[in-house]
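Right, one structure below, let's go through it.
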Amino acid sequence: MAQDNTEWLDIEDIYERLGKKVPRDSIREWIRTGRLPGYRPGKVYLVKKEDFEKFLKDSRIQPDKD
C-alpha cells in the first residue's frame, strides 16, 4: 500500500501561518462555505497544506496595470 505523505493543517496552524491576523472564526467559515477545501473527521477541521497554499495564491489581489 502506498504511503500518504499529505501534510495536514488545523485551524490553529492556519491561524499561525497567517500571522494571527485572521480570526479563527473566519478560517472556519472559509472551510464551511467551501472557499477553502477542508475536512472534518470528528470535531476538528483539517486542510491539506497544498490546498491552503493554493487558496492563498488564488486570494492574491493583483495590482492594477496602468
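Is region 12-22 home to any residue that is open to solvent by 40 Å² or more (accessible area, probe 1.4 Å), assigned to a strand (DSSP E or B) and among the basic types (Lys, Arg)? No, there is no match, as no residue in region 12-22 is open to solvent by 40 Å² or more (accessible area, probe 1.4 Å), assigned to a strand (DSSP E or B) and among the basic types (Lys, Arg).
Condition first: open to solvent by less than 90 Å² (accessible area, probe 1.4 Å) and either of a type in the set (Ser, Thr, Tyr) or modelled with pLDDT under 95 (or both). Now tell me which residues in region 45-62 satisfy that. First the steps, then the outcome.
Applying the first criterion (open to solvent by less than 90 Å² (accessible area, probe 1.4 Å)) to region 45-62 yields 45-49, 51-52, 55-56, 59.
Passing the criteria: Tyr45, Ser59.
Scanning region 23-33 for residues that are charged (D, E, K, R) and either in contact with a helix residue (DSSP H, G or I) (Cβ under 6 Å, 6 or more places away or on another chain) or open to solvent by less than 40 Å² (accessible area, probe 1.4 Å) (or both) yields one hit, Arg24. Restricting to region 42-66, and then to whatever is in a loop (DSSP other than H, G, I, E, B) and over 19 Å from Glu7 (Cα atoms), can you tell me which residue is farthest from the chain's Cα centre (by Cα)? Result: Asp66. The single condition among (1) in a helix (DSSP H, G or I); (2) touching a helix residue (DSSP H, G or I) at 6+ places or on another chain (Cβ under 6 Å) that Leu36 does not meet is (1).
The values are calculated or read from the model by the stated rules, or taken from the named source; none is laboratory data. Bear in mind that the values here come from a model prediction, so they are computed numbers and not experimental data. Because the Cβ atoms are built from the backbone with ideal geometry, glycine has one as well, and the counts that use them run over all protein chains shown. These accessible areas exclude ligands, DNA and RNA; they are computed on the full protein's heavy atoms, side chains included. Shrake-Rupley method; radii C 1.70, N 1.55, O 1.52, S 1.80 Å.
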